[in-house]
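To start, the structure under review is shown below, and the notes come after it.
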Amino acid sequence: MKAAASCSVALGLLLLAAAQPATNRQAQRPRSFKCGGILSGASGFIGSEGFPGIYPPNSKCTWKITVPEGKVVVLSFRFMDLESDNLCRYDFVDVYNGHANGQRLGRFCGTLKPGALVANSNKMLVQMISDANTAGNGFVAKFSAAEPHERGDQYCGGRLDKPGSFKTPNWPDRDYPAGVSCSWHIVAPKNQLIELKFEKFDVERDNYCRYDYVAVFNGGEINDARRIGKYCGDSPPAPIVSEINELLIQFLSDLSLTADGFIGHYKFRPKKIPTTASPTTATLPATTTVKPTVALCQQKCRRSGTLESSYCSSNFVITGSIITTNIKGGSLHATVSIINVYKEGNLAIQQAGKNMSAKIIVVCKQCPLIRRGLNYVIMGQVEEDGRGKILPSSFTMSFKTKNQKILNILKNKQC
């Protein structure tokens with residue numbers, strides 16, 4: 001299989017070379033690639049050592065690319081075959097702005113080619129690292145010089161330390177420009193978290209968000225191990241809450257299609273919700289820890305109300321799958337892997353990579369009956385520590401895809 005793949009790769013690159021204009025000699029692919037190097041000029045190719053053969057193990061190769069002054073570097077991957085891993089921890093290619101201590105534009109592995117990457121200057125650094133194990137045919141990428149956009153159109157990003165908003169260049173008058181790289185570093189006071197919501201969102205659609213995208217990271221640097229999510233298309237991401245007091249939002253657009261862009265709002269909130277901040281219901285305060293009692297748990301376990309009538313009276317509304325359950329003191333403690341958040345309230349939502357989860361307590365362990373592995377619509381109040389509290393009177397139901405439409409309508413209505 002590897003031999004067949006190598007033949008296919010070589011044939012593809014021969015066709016690619018044949019398609020190059022005869023006058024564009026500097027952009028033609030070399031017959032073989034070395035481990036790293038210093039490259040300059042209007043265009044050229046870089047590739048993994050030994051391509052199209054298998055790249056060597058335990059290697060670290062660095063390419064420093066410089067295009068003419070006044071231009072920006074554009075890197076387009078033509079082929080990609082590195083050991084696959086969701087977080088690209090083993091074999092990977094890193095791409096950076098500049099030649100030293102620059103912002104990382106992305107880390108890539110597997111066989112999925114990313115879209116074009118655009119530096120913010122005439123310098124770019126590319127680094128490939130491999131471990132001792134599984135390998136592949138490596139990569140080939142072409143670099144070229146492009147005209148930078150007007151500074152006024154391209155200006156975006158920066159450090160934000162007061163609650164507020166951020167938006168794509170040109171918002172809302174016209175589409176964001178092509179070839180933009182923006183990073184907003186939000187810093188809250190110590191012992192506070194950052195809550196982020198996108199009001200409007202329209203970024204070039206792609207199933208894998210390879211071309212234009214927004215990526216959100218816990219902390220102050222681009223690190224895929226701390227990435228909360230990567231977003232594109234025209235549906236706003238669900239509200240995001242940071243794990244610490246720093247959040248980084250990265251926006252990249254390539255040199256092709258653009259779209260309306262987005263505006264995002266953020267605010268700061270305490271790590272621990274003060275008792276005065278939690279809303280109350282007509283029966284029990286949301287901040288009071290309710291213990292199972294005979295009287296409470298002997299009530300008829302019957303759901304009251306409807307999606308519509310229960311939505312506004314609930315402190316939080318989520319859909320999710322039950323992934324862990326544990327009975328303690330007559331109550332059921334569960335972890336919910338969140339499908340969507342419609343109303344967050346003071347519910348503590350945790351992020352790990354692209355996954356969000358929350359803790360809930362079903363005060364009377366079998367009322368309502370929650371089973372591991374099943375999907376539910378869950379509404380309820382919130383404990384002081386941010387856990388959802390589900391009473392016999394709380395609204396829960398099995399979640400079906402058809403429920404999303406009415407929940408989206410409820411999400412946008414005023415309570």
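The values are calculated or read from the model by the stated rules, or taken from the named source; none is laboratory data. Bear in mind that the values here come from a model prediction, so they are computed numbers and not experimental data. Note that each Cβ is placed from the backbone with ideal geometry, even for glycine, and that neighbours are counted across all protein chains shown.
Can you tell which of Thr276, Thr287, Thr258 is at pLDDT below 90, hydroxyl-bearing (Ser, Thr, Tyr) and part of a loop (DSSP other than H, G, I, E, B)? Outline the logic, then answer.
Values: Thr276 fails: part of a loop (DSSP other than H, G, I, E, B); Thr258 fails: at pLDDT below 90.
Answer to the check: Thr287.
Quick grid of which residues meet (1) assigned to a strand (DSSP E or B); (2) touching a Cys at 6+ places or on another chain (Cβ under 6 Å); (3) not basic (Lys, Arg):
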{"site": "Gly320", "(1), (2), (3)": "yes, no, yes"}
{"site": "Asn346", "(1), (2), (3)": "no, no, yes"}
{"site": "Arg371", "(1), (2), (3)": "no, no, no"}
{"site": "Lys389", "(1), (2), (3)": "yes, no, no"}
{"site": "Met397", "(1), (2), (3)": "yes, no, yes"}
{"site": "Ile406", "(1), (2), (3)": "no, no, yes"}
{"site": "Leu410", "(1), (2), (3)": "no, no, yes"}
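Among the residues of segment 186-200, what is the count of those that are at pLDDT below 90 and either assigned by TED's automatic domain parsing to the domain that holds Gly106 or buried (at least 16 other Cβ atoms within 10 Å of the Cβ) (or both)?
Final tally of qualifying residues: 0.
Answer yes or no: is there a residue in segment 201-222 that is surrounded by fewer than 16 Cβ atoms within 10 Å (Cβ to Cβ), without any contact (Cβ under 8 Å) to a residue 24 or more places away in the chain and assigned to a loop (DSSP other than H, G, I, E, B).
Yes - at least one qualifying residue is present in segment 201-222.
Return yes or no: is Pro148 in contact with a helix residue (DSSP H, G or I) (Cβ under 8 Å, 6 or more places away or on another chain), under 18 Å from Asn120 (Cα atoms) and surrounded by fewer than 18 Cβ atoms within 10 Å (Cβ to Cβ)?
yes
Across segment 68-111, which residue is nearest to Asn58 (Cα to Cα) among those that are of a type in the set (A, V, I, L, M) and under 17 Å from the mean Cα position of the chain (by Cα)?
Leu87
Of all residues in segment 60-80, how many are among the hydroxyl-bearing types (Ser, Thr, Tyr) and either at pLDDT below 90 or farther than 23 Å from Lys123 by Cβ (or both)?
Keep residues of segment 60-80 that are among the hydroxyl-bearing types (Ser, Thr, Tyr), which gives 62, 66, 76.
Next, only the ones that are either at pLDDT below 90 or farther than 23 Å from Lys123 by Cβ (or both) stay: 76.
Matching residues across segment 60-80 total 1.
Evaluate segment 136-145: report whether one residue or more is at pLDDT below 85 and either in contact with a Leu (Cβ under 7 Å, 6 or more places away or on another chain) or assigned to a loop (DSSP other than H, G, I, E, B) (or both).
No: zero hits.
Filter segment 77-102 down to residues that are part of a strand (DSSP E or B) and in contact (Cβ under 8 Å) with a residue 60 or more places away in the chain and give me whichever is surrounded by the most Cβ atoms within 10 Å (Cβ to Cβ).
It comes out as Asp81.
Looking at Thr319, is it within 24 Å of Val241 (Cα to Cα), modelled with pLDDT of 90 or more, assigned by TED's automatic domain parsing to the domain that holds Gly380 and of a type in the set (S, T, N, Q)? Quick ask: steps written out before the conclusion?
On the way: within 24 Å of Val241 (Cα to Cα): yes; modelled with pLDDT of 90 or more: yes; assigned by TED's automatic domain parsing to the domain that holds Gly380: yes; of a type in the set (S, T, N, Q): yes.
When the stated conditions are applied, Thr319 passes them.
Which numbered condition trips up Thr111, out of (1) of a type in the set (Ser, Thr, Tyr); (2) surrounded by fewer than 22 Cβ atoms within 10 Å (Cβ to Cβ); (3) touching a residue at least 40 places away in the same chain (Cβ under 8 Å)?
It fails just one condition, (3).
Please indicate, with yes or no, whether at least one residue in segment 114-135 is at pLDDT below 85, in contact with an Asp or Glu (Cβ under 6 Å, 6 or more places away or on another chain) and not small (Gly, Ala, Ser).
Yes, segment 114-135 contains a residue that is at pLDDT below 85, in contact with an Asp or Glu (Cβ under 6 Å, 6 or more places away or on another chain) and not small (Gly, Ala, Ser).
Name the residue, out of Pro172, Pro189, Pro177, Pro163, that is over 19 Å from Glu243 (Cα atoms) and out of contact with any helix residue (DSSP H, G or I) (no Cβ under 8 Å at 6 or more places or on another chain).
Pro172
Matching residues to (1) acidic (Asp, Glu); (2) without any contact (Cβ under 8 Å) to a residue 40 or more places away in the chain:
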site: Ile322; (1), (2): no, no
site: Ser337; (1), (2): no, yes
site: Gly345; (1), (2): no, no
site: Gly373; (1), (2): no, no
site: Ile378; (1), (2): no, no
site: Glu383; (1), (2): yes, no
site: Phe399; (1), (2): no, no
site: Leu407; (1), (2): no, no
site: Lys411; (1), (2): no, no
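Going through segment 58-76 one residue at a time, which ones are over 13 Å from Val95 (Cβ atoms), in a strand (DSSP E or B) and among the small types (Gly, Ala, Ser)?
Residues satisfying the conditions do not exist here.
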